[in-house]
Amino acid sequence: MTIVEKTHPRHQLNELLLNPIRFSLVASLDKAEKLSFSEVRDIIEVSDSVMSKQVSALEQVNILLVQKIFVGKYPKTMLSLTKEGRSAWQEHLAALKTIAG
């Protein structure tokens with residue numbers, strides 16, 4: 001029996017980023033250093049609960065950094081990609097471009 005080498009670029013896709021909401025969330029943070037939870041939520045047009053679930057999923061695998069800050073008396077949740085998250089995003093995009101190319 002021979003072992004089949006996985007050479008198709010689809011094998012390079014990041015499973016977490018195949019979800020359209022997580023894909024959109026990471027895409028919105030790609031060009032920004034940081035955005036607030038509400039800014040990203042509004043950009044990708046989802047509810048707070050949907051956004052929260054996807055943020056948690058990405059934070060657990062170190063793609064997303066979540067920071068709680070205060071602006072005056074009000075709490076604000078800031079989101080940014082980790083170094084690993086930016087790398088995963090770039091690899092995912094490169095695989096998509098190869099597939100589409």
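Just so you know, all these numbers are worked out from the coordinates, no wet-lab data involved. The shown structure was predicted, so the numbers you read here are calculated from the model rather than taken from an experiment. Cβ atoms come from the backbone with ideal geometry, glycine included; neighbour counts cover every protein chain shown.
For first residues located in region 46-62 and more than 14 Å from Leu17 (Cβ to Cβ), partners that are assigned to a helix (DSSP H, G or I) and basic (Lys, Arg) and lie 6+ apart or on another chain with Cβ distances below 8 Å form the pairs Ser47/Arg41; Asp48/Arg41; Met51/Arg41. Name the single residue that is surrounded by the most Cβ atoms within 10 Å (Cβ to Cβ) among those in region 47-101 being more than 16 Å from His11 (Cα to Cα) and acidic (Asp, Glu). My answer is Glu59. Going residue by residue through region 66-86, is there one that turns out to be in contact (Cβ under 8 Å) with a residue 60 or more places away in the chain and of a type outside the set (D, E, K, R)? No: zero hits. Screening region 19-43 for residues that are closer than 13 Å to Leu58 by Cβ and over 9 Å from the mean Cα position of the chain (by Cα) and picking the one that is surrounded by the most Cβ atoms within 10 Å (Cβ to Cβ) gives Val40.
Restrict the check to region 16-37 and report whether at least one residue is on the phi < 0 side of the Ramachandran plot, assigned to a strand (DSSP E or B) and in contact (Cβ under 8 Å) with a residue 40 or more places away in the chain. The answer is yes, given that some residue of region 16-37 is on the phi < 0 side of the Ramachandran plot, assigned to a strand (DSSP E or B) and in contact (Cβ under 8 Å) with a residue 40 or more places away in the chain. As for region 48-68, it holds no residue that is among the hydroxyl-bearing types (Ser, Thr, Tyr) and part of a strand (DSSP E or B).
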